[in-house]
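Down below is the structure, laid out as structure tokens.
The values are calculated or read from the model by the stated rules, or taken from the named source; none is laboratory data. All of these numbers come straight from a predicted model, not from anything done at the bench. Neighbour counts are summed over all protein chains in view; Cβ atoms, including those assigned to glycine, are modelled from backbone coordinates with ideal geometry.
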Amino acid sequence: MKASLRGNGEVPSLFVQQLHLPSPTTAEGYRSMINGFWRFTMKEASHKPLSVEVMWRWLLHRSASRRDCYVHRCARLVDRFLDWMVATGACSANPFALLKKQYGRKNTRPIVRALLSPNPKQALEELRPLPRFGSFLGAAMRDHITLMKSMGHRYEEARLLRFDRFLQSRPDLSGESLNILIRAWSRSGSCPSHIVEAQRVGRTLAKILRRLDPSAKPFASDRRAEQLAHRAYRRPYIYTEDEIRCLLKVARGFPSPKAPLRSPTLYTMLVLATTGPERTYCKATPDATTRHGAGRGDISGGWLPPSL
């Protein structure tokens with residue numbers, strides 16, 4: 001950090017000023033956080049470049065007297081402050097930005113949590129993302145995706161990537177059969193969609209492996225597990241005729257004096273929802289208004305409410 005910027009907090013004040021915060025209370029809180037960081041860094045590294053070690057000591061200093069949520073909030077604000085200083089040429093580098101780039105993270109929270117852990121170096125290394133298709137089946141999956149894309153298919157590789165990361169996190173499964181791998185991956189999650197995804201990946205990998213080695217064992221797909229997973233899905237709620245009438249009535253009379261179009265907009269959205277693609281045969285009921293009052297209609301038998 002350049003020594004020429006040293007002063008009575010004018011740099012933090014300039015940063016908070018350019019944020020254009022609507023609340024003076026928020027601006028004062030931000031200024032207090034940045035001033036605390038500024039005073040600490042001027043004391044610890046006034047004539048030296050700002051380093052990760054200085055940031056680590058500042059985090060320890062803050063966490064000694066503050067709760068973790070406040071420390072994380074300060075760290076996010078300081079990260080923005082240092083980015084602004086780098087952009088204006090007042091600081092050579094932002095240590096938080098360097099750590100996020102090095103360990104493949106988009107936000108500051110995991111970096112701060114790792115720095116505050118008992119073993120920061122090990123915690124930071126655990127944040128490092130796994131290589132793409134780095135498992136023992138990764139080469140086969142990567143070649144299959146390349147082949148499908150070269151043939152013009154818009155191939156979805158996210159499922160295979162998730163399975164590859166699971167294999168990298170479980171080195172004890174290296175060399176096991178496909179059935180054992182898919183069974184272990186299915187047990188690693190509890191939601192029904194995960195079980196269905198595991199079965200689909202198993203069938204895809206079985207085709208890939210048999211194309212490479214015709215003698216490979218076929219994949220024993222567990223259809224019952226998929227059926228149980230589909231049954232566990234939340235079923236849609238079907239509104240009754242009276243409930244839809246009530247929704248239309250509330251939407252038609254929704255109070256909005258400053259936005260007069262809000263009520264007819266809500267009403268139109270509900271009309272389109274209740275007369276969707278499955279109700280393309282709907283027709284207007286001539287006496288809908290007289291039977292149900294102004295602006296209301298009967299939804300039974302396939303009707304279209306009166307126009308707005």
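Results for (1) surrounded by 12 or more Cβ atoms within 10 Å (Cβ to Cβ); (2) over 26 Å from Leu98 (Cα atoms), shown as yes or no for each residue.
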| site | (1), (2) |
| --- | --- |
| Thr108 | yes, no |
| Phe133 | yes, no |
| Arg142 | yes, yes |
| Tyr155 | yes, yes |
| Arg159 | yes, yes |
| Asp164 | yes, yes |
| Pro171 | no, yes |
| Ile182 | yes, yes |
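Take region 201-221 and flag every residue that is within 11 Å of Asn179 (Cβ to Cβ) and under 29 Å from the mean Cα position of the chain (by Cα).
Gly202, Leu205 - these are the residues of region 201-221 that are within 11 Å of Asn179 (Cβ to Cβ) and under 29 Å from the mean Cα position of the chain (by Cα).
List every residue pair whose Cβ atoms sit under 6 Å apart, with the two residues 6 or more apart in sequence or on different chains, where the first one lies in region 176-200 and is assigned by TED's automatic domain parsing to the domain that holds Ala158 and farther than 19 Å from Phe136 by Cα and the second, anywhere, is of a type in the set (S, T, N, Q) and surrounded by fewer than 16 Cβ atoms within 10 Å (Cβ to Cβ).
Final answer for the pair search is Gln199/Ser221.
Tell me which of these Arg224 doesn't satisfy, since it passes every other one: (1) at pLDDT below 90; (2) within 27 Å of the chain's Cα centre (by Cα); (3) among the charged types (D, E, K, R).
Evaluating Arg224 over (1) at pLDDT below 90; (2) within 27 Å of the chain's Cα centre (by Cα); (3) among the charged types (D, E, K, R) leaves (2) as the failure.
Criterion first (modelled with pLDDT of 90 or more, outside the structural domain of Gln199 (by TED's automatic domain parsing), assigned to a loop (DSSP other than H, G, I, E, B) and not aliphatic (A, V, I, L, M)) does Pro255 satisfy it? Spell out how you get there, then give the answer.
On the way: modelled with pLDDT of 90 or more: yes; outside the structural domain of Gln199 (by TED's automatic domain parsing): yes; assigned to a loop (DSSP other than H, G, I, E, B): yes; not aliphatic (A, V, I, L, M): yes.
It is true that Pro255 is modelled with pLDDT of 90 or more, outside the structural domain of Gln199 (by TED's automatic domain parsing), assigned to a loop (DSSP other than H, G, I, E, B) and not aliphatic (A, V, I, L, M).
Would you say Lys217 is surrounded by fewer than 15 Cβ atoms within 10 Å (Cβ to Cβ) and not in a helix (DSSP H, G or I)? Let's see the steps before the verdict.
Details: surrounded by fewer than 15 Cβ atoms within 10 Å (Cβ to Cβ): yes; not in a helix (DSSP H, G or I): yes.
Taking the combined requirement at face value, the residue satisfies it.
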